[in-house]
1. Given the options 380, 439, 426, 434, name the one that is over 23 Å from residue 224 (Cα atoms), at pLDDT 95 or above and outside the structural domain of residue 161 (by TED's automatic domain parsing).
2. Test residue 238 against the stated conditions and say whether it is in a strand (DSSP E or B) and within 14 Å of the ligand (Cβ to nearest atom).
3. Considering every residue within region 144-163, establish whether at least one is within 12 Å of the ligand (Cβ to nearest atom) and surrounded by fewer than 22 Cβ atoms within 10 Å (Cβ to Cβ).
4. Pairs only if they're at least six apart or on different chains, beta carbon under 8 angstrom, first in region 8-28 and in contact (Cβ under 8 Å) with a residue 40 or more places away in the chain, second surrounded by fewer than 12 Cβ atoms within 10 Å (Cβ to Cβ) and part of a helix (DSSP H, G or I); list them, first residue then second.
5. With the requirement that a residue be in a strand (DSSP E or B) and surrounded by 15 or more Cβ atoms within 10 Å (Cβ to Cβ), what does region 289-328 give you?
6. For region 156-170, which positions are in contact with a strand residue (DSSP E or B) (Cβ under 7 Å, 6 or more places away or on another chain) and in a strand (DSSP E or B)?
7. Determine which member of the set 107, 117, 93 is within 16 Å of the ligand (Cβ to nearest atom), at pLDDT 95 or above and more than 24 Å from residue 262 (Cβ to Cβ).
8. Does region 255-266 contain at least one residue that is within 29 Å of residue 205 (Cβ to Cβ), surrounded by 19 or more Cβ atoms within 10 Å (Cβ to Cβ), in contact (Cβ under 8 Å) with a residue 24 or more places away in the chain and out of contact with any strand residue (DSSP E or B) (no Cβ under 8 Å at 6 or more places or on another chain)?
Ligand code: NDP
């Protein structure tokens, strides 16, 4: 680590205490960018990274709401408007009890680079709440969403800041949020993405992150003249990203064998098929049940509850060739990375944001794993959100094939940009450097053009 990065990290930690995920995200990017600063001192002189690290605006607010029993609840709401150099702030909302300022800042920071990589004009943002929708009635969720929007609506707009979904925020929540925005503003605009198809949503948006992560894996494999056909794949999570990752893997002839949730994971040695996947979709999206229930239906699968005494996640300790972490941050630590490599995994495409610790990333890079970091591999979701914004502006929906083709082309372009940047800065095959540098340069140049604002 250079002295410049050491000093920068010391300042980041001093100014943003108790935000370990934010420190981790900044450190990874700063390490890659030291390659750029050696050749381009103008970016350092303009203090571009120092400026990107500081959110343009941070909004926190009280969300009081009343449940159907008349009990009052108070949650905390956030929106981080991180960077608008290349377009309106864009990034998801996360509803999960673990949500705090540091987690949202790491997500908003990553989003700036990811959105830049998509080739579309979108700045970076992220938001959410410590509200937990899990196990709550539709009425409670609606009341919370309306209360959340009662404050958020002041800060967002289709040309200003366009939120979408993330953990705990799917079609149901976006519907309630959009309804309240429309009522408060008395206007029908594309202020949120991930909307329902009947009211401004885009085909392929629900599928986009998972499909995109699989397209990215296919692109990485194509550099070795290989395809996904016949590959055994470990998938974590069982939400939006995990489900559509598995769907695309099946379509391309691969064999996904695991799903998880925050209680444990299932391993189906025979692999999933369309019928089993449909069961998981209904279980998770309609019945809102736990992944354990899969083993009641399919005896070929075994359920492993989370063991808090283990220093690793056994999901990553099965024989396979590919891994698609699709649940949450830091779900692959150093020991998990070792297990993956030991079990024959040589492709890792991150559907989740920052699912691998810094130690895990180092191991993947040292072992020449085809490793697609989240900000490149899962950019398909926000890319199709960008396409939803385009369709909303035109007031014209595109057909499924049109959106899917564009998604595929965007994932190909992101992959190409990562390869090109990794090569140009002397680290061929290093998608981490490729993504960080590729995302940075466009934003940095725009910031220089726009002056000190
Ligand atoms: P969902 O809420 O649909 O699903 C999340 C899944 O991950 C659930 O199975 C959930 O289990 C599990 N999970 C969440 N937190 C934890 C935890 N702390 N430990 C173990 N399991 C956990 O979210 P998404 O599928 O939308 O998001 C998954 C990941 O993908 C996140 O990292 C998100 O930031 C990222 N992502 C999502 C995009 C999108 O378009 N939706 C776009 C780009 C990235 P449980 O039900 O028990 O909570």
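1. The match here is 439.
2. Considered against the rule, which asks whether it is in a strand (DSSP E or B) and within 14 Å of the ligand (Cβ to nearest atom), residue 238 comes out as no.
3. There is no residue in region 144-163 that is within 12 Å of the ligand (Cβ to nearest atom) and surrounded by fewer than 22 Cβ atoms within 10 Å (Cβ to Cβ).
4. Every condition considered, no pair remains.
5. Result: 301, 303, 304, 322, 323, 324.
6. The answer is 161, 162, 163, 164, 166, 169.
7. After applying the criteria, what remains is 117.
8. Among the residues of region 255-266, at least one is within 29 Å of residue 205 (Cβ to Cβ), surrounded by 19 or more Cβ atoms within 10 Å (Cβ to Cβ), in contact (Cβ under 8 Å) with a residue 24 or more places away in the chain and out of contact with any strand residue (DSSP E or B) (no Cβ under 8 Å at 6 or more places or on another chain), which makes the answer yes.
The values are calculated or read from the model by the stated rules, or taken from the named source; none is laboratory data. The model shown is predicted, which means the values in this text are computed figures rather than measured ones. Reconstructed Cβ throughout: ideal geometry from the backbone, glycine too, with neighbour counts over all protein chains shown.
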